[in-house]
Structure formats: structure tokens, C-alpha cells
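The structure appears right after this line, and notes come after that.
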Amino acid sequence: MANLDVIVIGAGGGGAVIAKELGEKGLNVLVLEAGPWYGNKKWPNPNSQQGAQSSSTSEDLDVILYKQLLNKFEMNMNDLVSGRFRWGPADRSRSQWFRNAKQKGIIWQCSGVGGTTQTYTANCPRAYPAAIDQVWPLSYCELVPYYEKVETTLPVNFAATTAKEELFYYGAKKAGWNLIPTLDVTVPGYRPQPNAILPPNENITNLNITVEQLSWMEGCTLAGHCINGCPHGPSIDKIAKRSTNVSYVPLALKTGNVCIRPNAFVIKIITENTVSKGLHAVGVKIRDTWTGEQEELRAEIIVMASGSIESPRLWLNSGLPVNPWVGRGLVNHYMDWVSGIFDEKNLIQILGTPDVNPFVGNTCGARLDYPGLGTLQTVGMSPGLTASFYGLSESGYSFLNKPSMNDPWDIKGRLSGYELKEAMDSYRRTLNILVSTDDEVDQRNGITLDPVISDENGFVPVVTYRPTKKSIRKRSELTKMAADLLRKAGAKKVIWTNWPAGMMIHLESTMRMGFVVNQDCESFQVKRLYIADNSVHYNSLGGVNPTLTTQALATRTAEKVVEKYFN
Amino acid sequence: MLGISEGERSLNRYIRSTFQALVHAIIPPHYRNKDLFGTVQVAGAQELHVYEYVIWILEHSISLPVKEQLNLVNGSMSKATAELLDAGAVQLIQTGQILYPLNVTEFSSGGPFTTLSKVDRLRAITLIERLNINLENLSIPYKSNPELVRDMMDVLNELTLFGHYSEWTAYGTTRLFSPEYRRVEHFPHGWYQTGYPGPSFGYRDFRGFLATYKHKKVDD
Ligand SMILES: Cc1cc2nc3c(=O)[nH]c(=O)nc-3n(C[C@H](O)[C@H](O)[C@H](O)COP(=O)(O)OP(=O)(O)OC[C@H]3O[C@@H](n4cnc5c(N)ncnc54)[C@H](O)[C@@H]3O)c2cc1C
């Protein structure tokens with residue numbers, strides 16, 4: 001490839017966005033992605049055969065292939081070790097890529113075009129203004145036009161209501177919270193989830209059209225498979241859940257200026273030091289994940305968008321200048337899990353139906369926001385994922401940790417035996433709430449290189465996170481709020497799982513703005529090296545889901561790249 | 001089977017029994033009321049072979065080159081993990097904490113862990129989780145590795161739950177194949193047990209919108 005303007009490393013939440021934006025501005029962009037590409041004709045068997053090298057036209061996109069691959073089976077898609085959405089090479093006969101997590105929990109990231117947005121639930125709230133203003137090097141106002149652009153492009157809408165959202169709203173109202181139907185959250189309250197899921201087709205309740213027919217039409221079918229991969233829609237670019245592989249990637253390809261190469265793991269950033277330019281990035285070294293062949297590629301600008309673990313890992317493995325904040329300051333929203341089990345009788349009164357049916361509708365359709373504390377969100381998933389979330393606890397087995405009389409929950413800890421059976425037998429009458437904390441940046445948390453263990457891509461990352469006292473206090477308040485909401489909604493039993501601190505689902509701020517990159521997301525120490533993923537966040541955004549902010553910043557960064565280097 | 005020595009065979013039996021005992025304690029079979037007059041037995045994780053999934057994951061999650069660096073080449077993760085469970089069991093027994101008598105006949109070729117009653121197995125896991133065992137005596141990779149030891153106690157539970165309640169049991173005769181070659185042969189037990197209808201094209205339960213908003217027009 002001659003005369004590349006920009007190389008983007010990673011085609012996930014941020015990378016796909018900056019690639020599309022730069023392509024639209026006429027730059028020649030190559031996106032290198034470590035994982036597979038699902039739904040592209042050039043990779044008809046993406047998990048077992050090498051396929052082609054790259055693709056640069058939306059004509060290669062194939063919705064039938066996509067529907068075959070995203071088959072809605074939870075283990076096939078989401079097994080962390082061997083699922084299609086795992087963090088690992090495309091070839092599923094090989095092991096996942098190793099991470100050294102020195103604590104209880106899971107690291108849930110995906111390789112592949114679309115990155116972790118392949119599995120994400122597409123919740124797209126803006127950061128709380130109070131978490132940005134006078135805190136970040138940028139103001140909330142400066143972000144708003146970019147939020148708007150992403151919200152229009154994805155697009156973002158308020159989620160439709162199904163039974164579980166209705167139950168959540170009912171409980172929230174009973175618990176005394178107000179409805180806040182806004183995008184700019186300054187006061188506590190509940191609201192429908194702003195998400196990147198196309199609103200249901202107007203025929204959703206038209207019985208003359210089968211649900212199978214609906215699944216080939218535009219709009220969410222409320223099938224509830226968000227997390228296991230949404231395959232519903234008439235074409236790739238109209239798939240209902242707007243992972244970047246179905247939103248920004250098709251748009252990037254349509255510019256005619258963007259080429260995407262999956263199965264290409266970047267193992268090194270190449271730099272040069274000249275008098276006129278100083279230390280600056282000039283290219284990358286990649287390793288083909290099928291053949292093991294290595295290659296060097298050059299461009300005017302390099303953008304790291306490999307996520308909050310791999311971006312710092314790549315920096316460190318490339319031997320780029322020492323910076324005490326590279327990899328440091330990780331936040332993960334110090335998450336927790338609270339579930340309510342309801343009686344048929346109550347549900348009929350509130351919902352008119354005997355079940356909550358957590359598998360129906362947007363996976364996370366409703367939320368409660370509390371600037372200064374964090375958020376609560378409903379989560380409805382398939383049974384395997386639901387059960388496995390009951391299996392992770394800082395306090396061990398529930399039967400050995402009976403709650404006290406004053407506790408707002410009936411069960412605390414990891415479920416097993418009878419309690420587990422009871423919870424799973426009540427699966428259809430369960431409402432789960434994910435607690436997501438406005439957790440504090442702490443330089444001790446983050447990514448370092450394992451001094452000894454390496455894989456084919458270099459020294460492996462060690463990931464550590466311990467919540468600060470303040471974060472612990474906040475989470476504790478939020479879990480109580482969740483229990484109260486469920487109780488007010490009529491839950492007959494409340495379960496607090498007490499998740500360990502290492503639940504890595506929202507990873508952010510390991511290459512912080514103001515410390516590693518400037519406010520235009522260019523690295524302070526290596527010129528022409530930009531970052532466009534969750535790692536640049538200054539903090540945890542107040543506890544809200546991170547991706548929309550990453551995408552807004554990526555949109556802004558594209559402008560800054562062009563202004564500085566291509567005018 | 002050709003090429004497998006008696007030693008390997010008994011090792012495999014030991015590992016299998018240990019993980020059978022594990023998943024049996026986490027998800028035992030139970031009875032559920034069917035109607036006024038009868039109950040049905042609902043299969044637990046042992047009957048559904050979920051231990052095979054747990055062992056499969058332990059053996060397949062780490063690539064060979066990394067295993068080499070962990071000095072795990074000749075050992076196996078499932079063997080080391082079975083021994084870890086035994087260490088917890090021995091500690092529970094030796095400190096006189098067992099609640100029920102040992103039963104050496106339930107799982108053939110199993111170690112101390114398999115002789116414990118179900119609840120004592122979970123209590124042994126709790127001892128391990130609280131690091132009330134001697135970490136020095138464990139085998140690699142658990143030896144002197146408290147973080148991994150603690151993490152693994154969650155992992156074993158999580159895997160059992162995911163194996164039992166996902167479609168894994170329905171992979172039937174293909175369940176131990178590489179994922180690309182597995183085929184769903186019937187409706188998964190765990191889905192049936194929970195009333196989950198399985199993959200769907202959609203549902204009609206649309207109850208309107210609580211709020212909507214207009215998109216700002218954005219240039220270009
Ligand atoms: C189950 C789940 C649900 C979630 N739901 C939400 C939600 O509702 N809303 C929300 O905002 N967030 C959600 N998230 C988080 C969301 O997925 C992330 O915030 C988002 O994907 C982050 O974008 P990113 O660009 O930082 O990283 P990623 O999306 O992970 O993209 C990084 C990409 O870079 C590639 N890569 C990494 N290293 C290299 C390398 N060296 N060379 C080449 N390529 C490389 C990876 O393969 C990957 O494709 C969820 C996450 C999970 C796991």
C-alpha cells in the first residue's frame with residue numbers, strides 16, 4: 001500500500017469511528033485489526049480459514065453470512081475462552097490470548113472488526129457534565145457537537161419499553177425518583193436508556209407479518225440477543241444493534257478511502273527521531289495471526305485504538321518513552337449485581353403478565369442516573385450468562401454469609417445448590433440490575449507488562465484494579481438504591497451478588513488525556529501518534545457507559561489530525 | 001484406547017471424579033413440583049456432564065508457549081486444580097471441620113475432595129478461597145500464587161453455571177469438539193429448566209416509549 005496517510009490500530013469502539021471520519025475527509029486510511037471479520041464475503045469461514053488479506057468496499061459485506069455466524073447461542077458467541085466474541089485469534093482451534101489478571105473477576109473484551117462493541121449492549125449515554133466540567137482538559141460544551149454527530153450517525157434513541165423496563169420504571173417511581181427524559185444529566189432520576197439500537201419496526205405488533213419476516217426488516221425485533229450478537233436487519237449496515245462493524249465500518253468503506261485488514265496484530269510502533277520533527281511515529285510492525293509472518297507498514301500518522309489494555313501494552317512493548325501514567329489510572333466502574341425475584345401475582349398487577357421475561361427487548365433498556373454516585377441499569381440476558389453472573393462474588397458462597405436483619409437483601413454472595421436452583425427456576429420472573437460506579441482514578445491501578453511471560457505478540461499485560469475508599473462507599477450506596485428500587489417494585493426476594501472488583505467490562509483511562517495525550521489526543525512524547533479508544537478518558541465519566549464519549553472524542557480527534565497535519 | 005497407559009487412565013479418572021464432585025456440589029439434581037400430585041427430578045450438573053466442560057476450558061484456555069513459561073508443559077491445569085481442591089479438603093478434614101462423614105465410594109479413584117459431602121465440598125472451596133491452606137505445597141501454577149487461587153474458586157463456579165445453563169449440554173456427541181465443529185443436537189437442558197425459549201427472531205411485547213428525542217441536524 002503506497003502513501004498511507006493514517007494507520008488505525010484496532011477496528012473497535014473508537015477505531016472504526018476515526019477511520020470513517022478520516023476517510024470522509026479524503027485521507028487514505030488503513031485499519032489493522034487483530035481479530036476476525038464477521039459478515040464479509042472475503043472471510044466465508046472466518047474462524048477456521050485464513051481468507052483474504054483485506055477488504056475496502058462495502059460490497060464485500062454479506063448479511064446472510066453475518067446471520068449464519070451470529071447464531072444467537074450464548075456459549076458459541078460469548079464463551080470467554082472459545083466464543084466467536086472472545087479476546088483471541090480468529091482461529092478458534094487455538095487458545096485465547098493470555099492476560100495476567102491477578103484478582104477475582106473477568107476481563108471481557110473482544111477481538112474482531114467491531115471490537116468489543118460486537119457484544120456490547122449499545123447503551124449510549126453522554127458523560128455527566130459534572131464529571132467533565134472543570135475536571136477534564138475539555139469542557140462538556142466542547143464535547144456536545146461531537147456527541148450530537150455520533151448520536152445522529154449511529155443513531156441513538158431512547159429505548160423502547162418492554163416488561164422489564166416497565167417494571168424498573170414502576171419501582172423507580174415508587175422509590176421516589178423522577179423521570180429525567182434528557183441526554184444531559186444534572187440531577188438524579190430514571191429514564192429510558194439512550195441506546196444505539198434502531199427503534200422497533202412499526203409492524204412489531206402486526207400479526208400479519210411474522211417475526212421472522214420482521215427480522216429481515218429495519219428495526220429492533222425485541223429478540224433480546226443484543227449481548228450475544230444482533231443479526232437482525234435487511235443488510236449489514238441496517239442491523240438493529242449498532243456495533244461499529246455495522247454502523248461506522250460500512251460508512252468508512254463507503255468513503256472509498258478506507259481499507260480494513262483483519263487478522264493483523266500490531267506488535268510494535270516504529271518511531272524516528274529527527275531534528276525537525278522530534279520523536280515521532282512513522283509506522284508499525286504487524287504479525288499475521290494465521291501465518292505468523294511479520295511485516296512493517298508506514299504512514300504519516302498512527303492512531304492507537306486497541307482498547308484500554310492493548311494500547312498501553314503496545315506502548316510499553318514498543319519501548320516508547322517512559323511516562324508514569326502510561327497504563328495507569330484504570331477505572332472499570334467497580335460494578336456490582338443486584339437481582340430481584342418477583343411473584344406472578346404481583347407481576348400480573350403491575351405488568352399485566354405473569355413474567356418479566358428478561359430475554360425480551362433491549363438487553364439494557366432502562367436506567368437510573370445519579371451524578372456523583374453512578375448508575376443503575378436493567379440487564380436481561382440468556383440463562384447461561386445470567387447464571388454465571390451469580391457465580392462471582394467477593395464474599396464467597398451465600399449460604400455461609402447470611403445477611404443480617406437490617407440488610408436490604410435476602411441473599412448475599414455467590415449462589416449454589418438450592419439457592420441457585422431457586423433463582424434459576426425463577427429466571428423468567430427476575431429483574432437484574434447492574435450497578436456501575438463513578439469510581440475514582442488511582443495511579444496504582446492499571447496495566448503493566450508481565451516481566452516474564454510473553455506470547456507471540458510480546459510481553460503479556462498484567463491488569464490490576466483495587467477500588468478506592470470513596471469508590472467503595474459509592475458502590476455501597478448504589479447497591480442499596482438498587483435493592484430499594486427492586487423492593488418497591490414488589491420483589492419478593494432480593495439477591496446481592498457482591499461482585500469482585502475485577503469485573504472488567506468498562507475499561508477506561510489508562511492513557512489519560514492531560515497525562516499521556518493532550519486534549520487533541522496526540523501523545524505528548526511521540527508526535528504523530530494519536531489515541532482513539534477508551535484509554536484517553538480522564539476519568540470514569542461519572543459512572544456512565546464509556547463508548548459514546550470515546551466515539552465523540554474520536555470524531556473530534558479526526559478533525560484535529562487533519563487540521564494539524566493535512567492542511 | 002491405544003496409546004494411553006494405565007497411569008494416565010487413572011489420572012484421568014482422578015481428574016474426572018474430582019470435577020464430577022465439584023459440579024455435583026454446585027448444582028445438585030433437585031425435585032420440582034409438577035402438579036398437585038407429583039414431582040419431577042431436574043438434572044444437576046453432574047448428570048449433564050458439565051464437569052467435562054470445566055475440564056475442557058481449563059485445558060484449552062492457555063496456549064502452549066505460555067504454558068511453557070508457566071512451567072505447565074507436562075502438568076495440566078485440570079490436574080493442578082483437582083489437587084488444589086484436595087488441598088482444601090485435606091485442610092477441612094484435618095482441622096476437624098467436616099459436618100458429615102466421609103464417603104469413599106461415591107466417586108471412584110477420586111481424592112479427598114470427592115469423599116466430602118456436598119456441603120463440605122463447598123466449605124473446602126471456601127477455605128481455599130480464604131487462603132486458609134498452605135500455598136507453598138501446591139503445584140504450579142497455584143504454588144505461592146494467592147491471587148490465582150482465589151480467582152480460580154470463582155472461575156470454577158462461573159464455569160459450572162455457564163456450562164449448565166447455556167447450550168453446552170445440547171452439543172451432545174460434539175460437545176468436546178473444537179467450537180467450530182460443535183452442533184446443537186437438541187434443546188439445551190438448562191434452557192428448558194429455566195423456561196428460556198431459546199434463540200428467537202423477535203417478540204411482540206412492545207409497550208411504547210417513555211420518552212423520545214429529536215436528532216440535531218448535523219452538517220455533512
Ligand atoms: C458485555 C459488554 C457490554 C457492554 N455494553 C456497553 C454499553 O452498553 N455501552 C457502552 O458504552 N459500553 C459497553 N461496553 C464497553 C464497550 O464495549 C467498550 O467501551 C468499547 O468497545 C471500547 O472501545 P475501544 O475502542 O476502547 O476498544 P474495543 O472496542 O475493545 O476495540 C479495540 C480493538 O482493537 C483491537 N486490537 C487490540 N490490540 C490490537 C493490536 N495490537 N493490533 C491490532 N488490533 C488490536 C481489538 O481486537 C479490538 O477490535 C460493554 C462491554 C461488554 C464486554
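Brief remarks follow.
- Within 10 Å of the Cβ of each residue in A:151-163, the mean number of Cβ atoms contributed by other protein chains is 4.
- Where trypsin sites (Lys or Arg not before Pro) fall in DSSP loop in region A:234-304, at most 14 other Cβ within 10 Å: A:Lys277
- Part-to-part distance (alpha-carbon centres) for region A:477-500 and region A:541-555, which is given in Å: 27
- Average beta carbon contacts from partner chains per residue of A:99-108, 10 Å cutoff: 3
- Label-point separation, A:Glu296 to B:Thr105 (7 Å along Cα→Cβ), nm: 7.3
- Listed values for region A:106-111 are Karplus-derived 3J(HN,Hα) couplings in whole Hz (6.51 cos²θ - 1.76 cosθ + 1.60, θ = phi - 60°), namely 9, 10, 10, 9, 10, 8, and x replaces Gly and Pro.
- Rounded to 10°, Cα long-axis angle of helix B:118-129 versus longest principal axis of chain B: 90
- Spin-label pair B:Glu147/A:Thr468, simplified geometry with 7 Å Cα→Cβ offset, distance in nm: 2.1
- At R0 = 45 Å, FRET efficiency that the Cβ-Cβ distance of A:Thr210 and A:Lys174 yields, to 0.05: 0.75
- Region B:131-220: trypsin sites (Lys or Arg not before Pro) in DSSP loop, at most 12 other beta carbons within 10 Å: B:Arg183, B:Lys214, B:Lys216, B:Lys217
- Nearest-ten-degree value, helix A:547-565 long axis tilted from longest Cα axis of chain A: 20
- Charged neighbours of A:Leu314, selected by a Cβ distance under 13 Å, balance to +2 (K, R count +1; D, E count -1).
- Coordinate range along principal axes, alpha carbons of region A:1-121, Å, largest first: 45, 35, 26
- Within chain A, the longest run free of GluC sites (Glu not before Pro) that sit in a DSSP loop with at most 15 other Cβ atoms within 10 Å is A:1-201.
- Here the protein assembly as shown is described by how far its Cα atoms reach on the three principal axes: 80, 61, 50 Å, from widest to narrowest.
- Summary of packing: across the peptides B:106-117, A:543-554, the per-residue average of other C-beta atoms within 10 Å ranks them, highest first, as A:543-554, B:106-117.
- Set of lysines with alpha-carbon distance to A:Lys174 below 19 Å, sequence-local pairs under 8 removed: A:Lys164, A:Lys345, A:Lys480, A:Lys488, A:Lys492, A:Lys493
- Shielding value for B:118-125 is 3, the average number of Cβ atoms from other chains within 10 Å of each residue's Cβ.
- Spatially near lysine pairs across region B:6-194, Cα under 22 Å, sequence gap of 8 or more or different chains: 4
- Here the label points at B:Ile4 and B:Gln94, each 7 Å from Cα along the C-beta direction, are separated by 3.2 nm in the simple model.
- DSSP-assigned coil residues among chymotrypsin sites (Phe, Trp or Tyr not before Pro) in region A:1-103, each with at most 13 further Cβ atoms within 10 Å: none
- Centre separation in Å (Cα based) which lies between region A:26-49 and region B:97-154: 45
We did not get these values from a lab; they are worked out from the coordinates using the rules stated. Just so you know, these numbers come straight off a predicted model, no measurement behind them. Cβ sites come from the backbone with ideal geometry, for glycine too, and all protein chains shown count toward neighbours.
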